[in-house]
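First the structure, in the form of structure tokens, and then the observations on it.
Values in this text are rule-based calculations from the coordinates and carry no lab data. Since the structure is predicted, the reported quantities are computational estimates derived from the model, not experimental observations. Here the Cβ positions follow ideal geometry from the backbone for every residue, glycine too, while neighbour counts run over all protein chains shown.
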Amino acid sequence: MTTHPVSRFECLTDLAHPRRGAALLVVLVFVTLISNLAIAALRVSVSGAAAATVFTDQMRADELGRDAAQLVAYHLQSDLPGVRRGGSFIARLPFSSVDIQYVAETARIDINLAPPKLLAALFVAAGADRDLADQLASRAEWSQGRKQPTSPRPAALDSSPTAANGAALVFVRTEQIIDAWGVPEPLYRTIRPALTVASRSAKVDPVLADRLVVTALMEGDEERANDFLERRRRGFATVDDALIQLPAATRPYAGFPPVRAVKVIARVAVDHRFRRTYEFVITVPEGPKAETRVLSWQPLDL
């Protein structure tokens, strides 16, 4: 039998057959599709693992954020001078750390007990006009059971059973003054860091107070507030040296009452990759066996 060699032209013609070209195209499309599916599956797998890691880190951070209250309670029972007034420390744990800063609630104005004139000064220091500040202070005075307000009161005051009896309202959260006193929300957001319900004192500690509270103690005079803060930074020789810097009208509102609670900022870091900050207020233990109560707790950076 005689065989004939296949010419190059015949090979090219055979490869260029329409059916063979279509089959090759289908194979290429199928390979591309499989590759894309494999890449997508890999991405989903990596994304799922990352999400699981974030969730685990978040749960761990929340746990540490709550445990920080016990760390502070233990620290407050030490014999260090001034430990209850404020301080900071870092707790280093395996694969995590908790950076804690705290200050006595006497640094803030207790809305249940603060003199109305101090509250009015705070509103002015936060940017409210004098008329609004006086109206809000009048409502605060009435809610504290001192006397009837001289300006129209919000419906929340009229409808309150406690207010109807003529007794003082007792706030458990500072945001309640938005309805009870008619404080505008933008104003409340400004003064919120200066307010508390846990001080249990009508006086505020000027050595611990922030700039806004100091400005209120200075009757809204920012220049005098700045001067006081600079002198405070250098340190006062005695408590009387600190009080004498205040105007005579607001000096009775300042003092150094016993610390009943502290406000804590806890910054938690987990495995150097997840961070979250928590704010809470806890009572100060009165003795070695006394228990600490958490009055409020919230994450700040959700």
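Scoring 254-265, 184-195, 202-213, 109-120 by mean Cβ neighbours within 10 Å over their residues and listing the highest first yields 109-120, 202-213, 254-265, 184-195. The Cα-based radius of gyration of region 196-283, divided by its Kirkwood radius, gives an Rg/Rh of 1.09. Annotation: peptides 172-183, 92-103, 224-235, ranked by per-residue average of other Cβ atoms within 10 Å with the highest first, follow the order 172-183, 92-103, 224-235. Proximity of backbone amide H atoms, modeled 1.01 Å from N, is registered between ARG293 and THR283 at under 5 Å, excluding neighbours fewer than 5 places apart on the same chain.
Counted by Cβ distance under 13 Å from PRO299, the other residues give a net charge of 0, where Lys and Arg count +1 and Asp and Glu count -1.
Relative to the Cα centre, the charge distribution of region 196-281, modelled as +1 at Lys and Arg Cβ and -1 at Asp and Glu Cβ, gives a dipole magnitude of about 540 debye. Here, region 80-132 is characterised by an Rg to Rh ratio of 1.24, where Rg is the alpha-carbon radius of gyration and Rh the Kirkwood radius.
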